[in-house]
Ligand SMILES: NC(=O)c1ccc[n+]([C@@H]2O[C@H](COP(=O)([O-])OP(=O)(O)OC[C@H]3O[C@@H](n4cnc5c(N)ncnc54)[C@H](OP(=O)(O)O)[C@@H]3O)[C@@H](O)[C@H]2O)c1
């Protein structure tokens, strides 16, 4: 029977990740069954895989099983998933090996498709035909695996910028897999982008892609350099993947300082430019610290891909998907440091590495075996 990875947090504050045997899925009329050949481990997958468990307490074995302790103070946040054996893995790609009776499903038989819908850390997965993206011949599962979460989010940022009346973007943790895609999109589309990173090698990586504005948050002149970049580009909307700490606040302050440079008269309420930061990730789980020193016209909010797509016009959704399909080997190419099987995901060394969410250390899971 096919294998599927499951994650459970029990009421007695233990995490258990294991492989279970599941029935081979049968496609309904409008469904296809995909042999999942490649699926990435993204930060959002780690959130479901480990929940609030303390990864330092993770123990492997006996067999392909990982256990860990959940701190008592974090259990309230886990109430919605207690004692449920949850499948994991947002997106992936593979070959269609069975199809339901509908014409749409039948047309996909034997094709390489990208899929979204969860439970991708499985050998086989049934999904609705309209949940997948068909690829041209020559596209591999590894190339097609990271097709939705990061590519659609990077495009969603540019769409949001335009829809909310801004003309340039700021992005943090900008050397991420997503950040590299965003840089390529902005260059192609003529959108100014100010990248914020925390190491010189990340700045070098982005400059090699063609980035014009990169600020290192650990540099002594960070606030001044950021203000200069914002004054030059006019960027008034930021997408922050970090969330914790005072970076969002410093970005708003730099936006205000940049706006004040062009002001003709003083206002005690600050500039009349709307300044927006969206926290769209939680790489730092600590509190978000806001020091209100940037006038009265600003906003800090959350941003999530799924509601963005739900609220977008069909034309927008179709356009973004079509771009992913045609640029899957270029703009939306992802790089992986390691490839592992489902069982390989559960080794101590692998958990230690993919759990770090470090630049260029993304893992690709191959549920049906390595090439
Ligand atoms: N809201 C949404 O709908 C949505 C959708 C897609 C993705 N996301 C978010 O997008 C972000 C990027 O995803 P990805 O797959 O592209 O990530 P990734 O390739 O794994 O890269 C993560 C990056 O974050 C940096 N980083 C990690 N912890 C950090 C911290 N505490 N402070 C500053 N930088 C830190 C790493 O740099 P170092 O090497 O220096 O550690 C690395 O460059 C994630 O936060 C993810 O959750 C959100």
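The values are calculated or read from the model by the stated rules, or taken from the named source; none is laboratory data. Values in this document were obtained by computation on a predicted structure and should not be read as measured data. Don't worry about glycine lacking a Cβ; one is built from the backbone with ideal geometry, like all the others, and counts go over all protein chains shown.
Being closer than 19 Å to residue 169 by Cα, within 16 Å of the ligand (Cβ to nearest atom), modelled with pLDDT of 95 or more and out of contact with any strand residue (DSSP E or B) (no Cβ under 6 Å at 6 or more places or on another chain) is the requirement here; does residue 250 meet it?
yes
If you go through segment 257-279 one residue at a time, how many are buried (at least 21 other Cβ atoms within 10 Å of the Cβ) and either out of contact with any strand residue (DSSP E or B) (no Cβ under 7 Å at 6 or more places or on another chain) or over 14 Å from residue 290 (Cα atoms) (or both)?
The total comes to 3.
Mind checking which pairs have a first residue in segment 190-204 that is over 17 Å from residue 169 (Cβ atoms) and a second that is surrounded by fewer than 13 Cβ atoms within 10 Å (Cβ to Cβ), Cβ under 6 Å, 6 or more apart or different chains?
Between residues of segment 190-204 that are over 17 Å from residue 169 (Cβ atoms) and residues that are surrounded by fewer than 13 Cβ atoms within 10 Å (Cβ to Cβ), the close pairs are 198/218.
In segment 330-371, which residues are under 18 Å from residue 179 (Cα atoms), in contact with a helix residue (DSSP H, G or I) (Cβ under 9 Å, 6 or more places away or on another chain) and exposed (fewer than 14 other Cβ atoms within 10 Å of the Cβ)?
330, 335, 337
Among the residues of segment 268-289, count how many are more than 21 Å from residue 235 (Cβ to Cβ), in contact (Cβ under 8 Å) with a residue 24 or more places away in the chain and away from the ligand (no atom under 16 Å from the Cβ).
Count: 1.
Run residue 311 past the list (1) more than 18 Å from the chain's Cα centre (by Cα); (2) more than 14 Å from the ligand (Cβ to nearest atom) and report the number of the one that doesn't hold.
Among (1) more than 18 Å from the chain's Cα centre (by Cα); (2) more than 14 Å from the ligand (Cβ to nearest atom), the lone unmet condition for residue 311 is (2).
Which number in (1) part of a strand (DSSP E or B); (2) under 17 Å from the mean Cα position of the chain (by Cα); (3) buried (at least 17 other Cβ atoms within 10 Å of the Cβ) marks the one condition that residue 285 misses?
(3)
I'd like the full set of residues that are within 23 Å of residue 158 (Cβ to Cβ) and assigned to a helix (DSSP H, G or I), limited to segment 235-249.
Hits for segment 235-249 are 247, 248.
Based on this model, can you work out whether residue 306 counts as farther than 25 Å from residue 91 by Cβ, at pLDDT 95 or above and within 13 Å of the ligand (Cβ to nearest atom)?
So residue 306 fails the test.
Which one is surrounded by the fewest Cβ atoms within 10 Å (Cβ to Cβ) among residues in segment 162-183 that are under 14 Å from residue 279 (Cα atoms) and either more than 11 Å from the ligand (Cβ to nearest atom) or in the same structural domain as residue 43 (by TED's automatic domain parsing) (or both)?
169
It is to be established whether one or more residues within segment 68-86 are in contact with a strand residue (DSSP E or B) (Cβ under 9 Å, 6 or more places away or on another chain), within 16 Å of the ligand (Cβ to nearest atom) and either in the same structural domain as residue 116 (by TED's automatic domain parsing) or in a strand (DSSP E or B) (or both).
Within segment 68-86, none of the residues are in contact with a strand residue (DSSP E or B) (Cβ under 9 Å, 6 or more places away or on another chain), within 16 Å of the ligand (Cβ to nearest atom) and either in the same structural domain as residue 116 (by TED's automatic domain parsing) or in a strand (DSSP E or B) (or both).
Filter the helices (runs of 4 or more DSSP H) completely within segment 174-234 down to those with at least 2 residues that are modelled with pLDDT of 95 or more and within 18 Å of residue 360 (Cβ to Cβ).
177-189, 200-208
For the list (1) over 23 Å from residue 143 (Cα atoms); (2) in contact with a strand residue (DSSP E or B) (Cβ under 6 Å, 6 or more places away or on another chain); (3) touching a residue at least 40 places away in the same chain (Cβ under 8 Å); (4) in a loop (DSSP other than H, G, I, E, B), I need the number of the one condition that residue 1 fails.
(3)
Is at least one residue of segment 119-132 over 20 Å from residue 370 (Cα atoms) and in a loop (DSSP other than H, G, I, E, B)?
No, the conditions are met nowhere in segment 119-132.
Is there a residue in segment 102-117 that is assigned by TED's automatic domain parsing to the domain that holds residue 353, within 16 Å of the ligand (Cβ to nearest atom) and not in a strand (DSSP E or B)?
For segment 102-117, residues assigned by TED's automatic domain parsing to the domain that holds residue 353, within 16 Å of the ligand (Cβ to nearest atom) and not in a strand (DSSP E or B): present.
Looking at residue 285, is it closer than 16 Å to residue 248 by Cβ and in contact with a helix residue (DSSP H, G or I) (Cβ under 7 Å, 6 or more places away or on another chain)?
In short, no.
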